[in-house]
1. Starting from the Cα of Lys73, draw a straight line to each of the lysines and keep only those under 29 Å, dropping any in the same chain fewer than 8 residues away.
2. Which of the trypsin sites (Lys or Arg not before Pro) found in region 371-456 are in a DSSP loop and have at most 13 neighbouring Cβ atoms, other than their own, within 10 Å?
3. Taking 0.36 nm per residue of separation and subtracting the Cα-Cα distance, what length does fully extending Arg89 through Val557 add?
4. Provide the per-residue ³J(HN,Hα) series for region 195-202, in order, calculated from phi with Karplus coefficients 6.51, -1.76, 1.60 and θ = phi - 60°, each as a whole number of Hz, with x at glycine and proline positions.
5. Contour minus end-to-end for Glu285 and Val539, with contour as 0.36 nm per residue of separation and end-to-end as the Cα-Cα distance?
6. Can you list residues whose amide H is under 5 Å from Arg92's amide H, if they're 5+ apart or on another chain and H is modeled 1.01 Å from N?
7. Can you give the direction-averaged projected area of the convex hull of the alpha-carbon atoms in the chain, in nm²?
8. If we count every other residue with Cβ under 10 angstrom of Ala469's Cβ, Lys/Arg +1 and Asp/Glu -1, where does the sum land?
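The values are calculated or read from the model by the stated rules, or taken from the named source; none is laboratory data. Given the structure is predicted, the values throughout are model-derived calculations rather than measurements. A quick note on method: Cβ atoms are made from the backbone with ideal geometry, for glycine too, and the neighbour counts reach across all protein chains shown. Accessible surface areas use protein heavy atoms only, side chains included; no ligands, DNA or RNA. Shrake-Rupley method; radii C 1.70, N 1.55, O 1.52, S 1.80 Å.
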Amino acid sequence: MSLFRKSPKSRSDRVILHALSLSVRLVVALTLSACLLNAQDARRADLVLKNGAIYTSNASRSWADAVAIKGGKIIYVGPNTGAQQYVSRTTRVIDLQGKMLLPGFFDSHVHPVSSGRQLNQCVLTNISTVTALLDAVKQCKINLKGKTWLIGSGWELPLFENANPSKELLDQITSEIPVFLEAADGHSAWVNSKALAISGLSKDTKDPERGRIERDKNGEPSGTLREGAINLISRHIPEPTQNDNVEGLRRALKLANSFGITALQDANASVDDLKAYETLEAKGELTVRVVAATQIDPDKAESQIPELIRLRALYNTPHLNASTAKLFVDGVIESHTAFLLEPYLDQPGYRGSANYTPEKLTKLIAALDRANLQVHIHAIGDGAIRMALDGFEAAQISNGRNDARHTIAHLELISPNDLPRFAKLGVIANFQPLWAYADPYITDLTEPVLGPERSRWLYPIGSVIRTGAVVVGGSDWSVSSLNPLEAIQVGITRYGLDDAKRMSWIPDERADLATMIAAYTINGAYLAHRENRTGSIEVGKDADVVVLNANLFTTPVESIHKVKVLLTMLEGKEVFRDSSFPTTQNR
Ligand SMILES: [Zn+2]
């Protein structure tokens, strides 16, 4: 029998072929209908949210009524009518009744682990008189329960003349227990005599290179320490345990989710902090996406890069990337530790000091950039900001432009000549908009030492936006409130949250609501290199969303900070729900 038989076929062959073709057709038909069923299944959502004011934060800033979510992804955004086809018997449907839904918030500069730990210590935030502050410290002493140090934070610098409280005030509360109280901005600490004694500080102790011990008229430490001098005391405090860190992070995540935050940049993560993130990630409890910046010691400079590369590889999980380096270029204006281009008015000839020479900083930035590490710089004074921009420019000239998306945070005083450089260099401007109004930090401790001409350029958010730069927003919590809606409001108004006079401070620097929302959503995602996965409500992206009880665009601007978060979801999973918000409703 030929192996190469051609036509004509025998009758029996034809019967067999006919049967074969029938069964092939049957298989094809079955497969097709299975595919159709699968296709229908694929259209069925786990959750549909409808009748909402859905602000997508996409490129055209468009609105929708409904969103469908399946497997943690957004599978539909559009009118209510189109959402119906995604609803099956198992789909949860929530009627938003006109409430606002928008992408989860990004906090682009925050300190979750240490701030979460502080919630369990002596909390001194939002106290407006010295008497009330001392009463609070007394109460903390009563609640100490056998702890060897009284540790606290959050007191406001303007409560004291020259931001300089004395050890005697604390000695009246206790002379036996050492007291260590960090200022709200983290750049000063206030201690009692016992803490100074334990740490061996006296009039013979020299100021460290990057810090200052405030002194009385006899040259004795007076009880306030600035910047690097804080460490002379804090290194004697028992280290937090890993359990303290994990518990602190848990508290921080809970609070962040309750404010609608689904992603953040940790602005100063220690290796212990990274371990705390990893612990909660392993338990499925890391309910925000984290990009962590590890602090660089100016003395060790480039020698730390191999360790940063090791940490980046080690801490690289679905919600955690240790891909960033944190550099402090200067301090803060209030305590004259910020680095200025021209002298402080009350200290002729003194411009503050930077932690780097321009050459050293440029070399370090270029090396980090070559290692493809994102650089996150703390710079407050116009001198420090210029040094940072010069460093980024030099890195671009030597390495070529890459996709590292470096950022400078705080940006308190920017020389007008430097405003266009953010857009030009692709450096992301990382503002803390909640600081941009005439509070006592500005009126008592900043404007008097800068004068009116320079003060015009304090927090020039509007100017930087107009140059086309990418602007992101961060809280710097626990320096200030973690609630992004408070910062968004002040970014728009430039007056205090409850200021009855409603007088904008430097009104040219106000931003509009849509820009502020972009700063806290899609631009934050861009900073995190995650703009393809999150930061806007678009089909294919992760369902990182927040529901608010009111539409921000129709809320009076001075009431934005009172708007409440009802629901926060990360990848379609509820990470916060207000008890008033329904879990499910009728279809
Ligand atoms: Zn910070």
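1. Within reach: Lys50, Lys99, Lys254, Lys275, Lys283, Lys541, Lys564, Lys573.
2. For trypsin sites (Lys or Arg not before Pro) across region 371-456 that sit outside H, G, I, E and B with at most 13 neighbouring Cβ atoms in 10 Å, the list reads Arg401.
3. 164.4 nm
4. Couplings: 5, 5, 5, 4, 7, x, 8, 9 Hz.
5. Gain in length upon complete extension: 88.9 nm.
6. The list, which skips near neighbours in sequence, is Leu47, Val48.
7. 36.8
8. Here the charged neighbours net out to +3.
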